[in-house]
Amino acid sequence: MAEEEVKVFRTWSSPFPLRVIWALKLKGVEFDTVYEDLSNKSPLLLQYNPVHKKVPVLLHNGKPICESLVILEYVDETWKQFPLLPQDPHERAKARFWAKFGDDKVFQSIVYGILFKQGKEQEEEIPRAMEILQHLEEELKGKKFFGGEKIGLVDLALGWLAYYLGIIEEVIGLKLIDQEKFPLLLQWIQEFSTAPIIQENWPPRDKLIAKFAASREAALARGLK
């Protein structure tokens, strides 16, 4: 059997390719990593993702797959070991819902509504973000992970929270999640972030803090123009 070609196009800092890295590692799939500089995108990245021109891109035997949530499902269907999605159709639909909720609501609120805002705009977004996070708290009732007793697709989709949220809190000087309001979410963060395959792939914290602080300054400067 011919050896499979598996490549992941990523940047060092983006949380979205991390989902793909985690999924492949959980399934024991060997792959090569191609690091991209998004300020100077390679011809290959533009060839493989001409629509969005961003990472991640999974290249499997010469065929590109784009968009991290789409890639996760492709990985799960291609390599059957360590299933990321449940077998039950209703549970699979729920998992897809929460993964999309993470991108459409959680990420948008915390990054674009809080990290990249200040003053009144930021203050108005914080209660909305708390309401969004409360939905995740409720979903974790009676479970170790969003996927149940083991890491699943929803955990990978929301996994950035387990590391990047603390960095965002440090950059903005605000605590968004505490033990009183979000005990289950905090417990999940601890369980997920310290799982060996997850933990060993986090980017350097000090570099991320510097990058997020610079991104925040740039976003605020654009907002003031």
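The values are calculated or read from the model by the stated rules, or taken from the named source; none is laboratory data. Everything numeric in this text was worked out from a predicted model, so none of it was measured. Every residue, glycine as well, gets a Cβ built from its backbone with ideal geometry; the counts of neighbours run over all protein chains shown. When the accessible area is computed, the model is the full protein with side chains, heavy atoms only, and any ligands, DNA or RNA have been set aside. Shrake-Rupley method; radii C 1.70, N 1.55, O 1.52, S 1.80 Å.
Quick notes
- The value obtained for the stretch 1-91, namely the Cα convex hull volume divided by the number of residues, is 109 Å³ per residue.
- Three-way shape call for the stretch 51-179 based on the alpha-carbon gyration tensor, with the a/c threshold at 1.5: oblate
- Straight Cα distances below 19 angstrom link Lys117 to the aspartates and glutamates Asp103, Asp104, Glu125, Glu131, Glu169, Glu170, Glu217, with same-chain residues fewer than 8 positions distant left out.
- Computed from label points 7 Å out along Cα-Cβ, the spacing between Ser215 and Glu124 is 2.4 nm.
- The stretch 129-188-the stretch 2-23 distance, computed between alpha-carbon centres (Å): 23
- Cα shape, the chain, gyration tensor, a/c 1.5 rule: oblate
- Listed cross-link partners Lys105/Lys211; Lys53/Lys144; Lys141/Lys175; Lys120/Lys150; Lys53/Lys175 are compared with a 32 Å cut-off, the Cα-Cα value being larger for Lys53/Lys144; Lys120/Lys150; Lys53/Lys175.
- Among the protein heavy atoms, those of Val57 account for about 0 Å² of accessible surface (1.4 Å probe, every chain in place).
- Per residue, the accessible area of the chain comes to 52 Å², computed with a 1.4 Å probe over protein heavy atoms only.
- Note on the stretch 28-79: Cα-only Rg and Dmax are 11.3, 33 Å.
- Highest-MSF residue in the chain out of Glu124, Glu36, Glu180 [GNM, Cα springs under 10 Å]: Glu180
- Carbon plus sulfur fraction of accessible area for the chain, probe 1.4 Å, in percent: 53
- For the stretch 94-152, diffusion coefficient by Stokes-Einstein and Kirkwood Rh (Cα), 25 °C, 0.890 mPa s, µm²/s: 198
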